[in-house]
Amino acid sequence: MAPKSNGFACIPIYELRSKECIDTVLKPLTDHIDLPINGSLTSKDIFHTTISMAVDKNSIHSITKRYEKIPCETSIRYHLKKLNMSELIESNEKILMQRPFESLKTDKEYEFAIDYTNDPYYGKIDISNEKYVIRGQSKKSTNSFYSYISLYIINKKERFTISVLQVEKGKSKVEYFAYFIDLIKRLKFGIKVLCLDREFYSIPVFEFLRNHNIPHIVPVVKKGKKIKKILSGNKSRRDTYTMKNSKKKILLPGCPASGRGCRPDRAFCRSRIPACPVPPVISGSPDGRP
C-alpha cells in the first residue's frame, strides 16, 4: 500500500497496488474453492491468472508480459468451466468474510447496504447462461446484462462485501433479501439500518422490510403526479404517500427531515431511523405509524 498526496498535507490517500489486491483475493479462493487439476498446472495458477486479468483490466494475452507461469487461454476456460454456481454461492461468505472477521464483532449492530448492479453483456445467449442474462433498459448499446445483488457491511470508515449473488430470471428481489437477512443472522450481526438503492423501491420490498421489522432507508423514485407534487417546493418537510400497483397498495407514513443544504427534489423512504440532517423524506414504519 503506497501513500499518495491529495493536495492536503494532513490527509494522505493510500492506494493498493496490483500485487496487494491479488494476494488479498487469492488466499480465500484457494482456501475455499476446490478445483481439481491433473499435471503441473495448479488451481492457484488458474485463480492467480484470473484475478490478475480482473485487477489489471487486461486480457490473458496482455498479462503474459507482466506475470510468469500464465496458463494458455484454452486451459483457463477449460478449468473455470468446472466451477459450479451452487457451490460458489455456498462458499460466498466464507471467501468474502475471511479477512473482515478480524475487525468485526458478533452480537453487535452494524449498518448494511444492498446494491443492484447491471453489467452489460454483448455475447451469445445459450443454454449455459440463458437464466443469468437479464434484459433491461438500454445501457452502453445493449439491453442484455449480467446482474448482481451485493450485500455490504459498514464498520466506521470500512466497508466490506459480505455476499454477491448473480440475479436469475424468475427470482424476485425479495428472495435475495431473505437470503441476505438469513446470512446476517447466521453471522450473528444485528442490523442498525439497511441502506438500499432505488432499484428496490417497490411494494414487495417494503412489505418484506416491514414484516421483518428491519430499519431501512430507500431513495424515493420520483414517478407519478402525487409524489412530484410532494417533492415540489424548496423546503424540508414531512408527508405521507400511498404506493400502489394493480394488485395492492401500501402506506408510507411521513417522517420529519431537516438540515441545511437539503435538495428538495430528493426524498428517502425511512423506517425506525432517528431524525438526522437528510433531504425531504417519505417514510415507512413497521407498525404503520409515523
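The values are calculated or read from the model by the stated rules, or taken from the named source; none is laboratory data. In this text, all values refer to a predicted model and were calculated from it rather than measured experimentally. All Cβ positions, glycine included, derive from the backbone under ideal geometry; neighbour counts span all protein chains shown.
Here are a few things to note about the model shown:
- Strands (runs of 3 or more DSSP E) within region 104-176 that include 3 or more residues surrounded by 14 or more Cβ atoms within 10 Å (Cβ to Cβ): 109-120, 142-155, 158-166
- Pick from region 92-131, criterion under 17 Å from the mean Cα position of the chain (by Cα) and under 25 Å from Leu35 (Cβ atoms), ranking: modelled with the lowest pLDDT: Pro100
Condition check ((1) touching a strand residue (DSSP E or B) at 6+ places or on another chain (Cβ under 8 Å); (2) at pLDDT below 90) across all residues:
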{"position": "Ala2", "(1), (2)": "yes, yes"}
{"position": "Gly7", "(1), (2)": "no, yes"}
{"position": "Val25", "(1), (2)": "no, yes"}
{"position": "Asp45", "(1), (2)": "no, no"}
{"position": "Met53", "(1), (2)": "no, no"}
{"position": "Asn58", "(1), (2)": "no, yes"}
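- Taken over region 60-95, the criterion of being surrounded by 14 or more Cβ atoms within 10 Å (Cβ to Cβ) and of a type in the set (S, T, N, Q) is satisfied by Thr64, Ser75, Ser91, Asn92.
- Residue under evaluation Phe145, criteria (1) of a type in the set (Phe, Trp, Tyr); (2) farther than 26 Å from Pro28 by Cα; (3) modelled with pLDDT under 90, criterion not met: (3)
- Yes/no for Ile95 being assigned by TED's automatic domain parsing to the domain that holds Thr30, among the aliphatic types (A, V, I, L, M) and part of a helix (DSSP H, G or I): no
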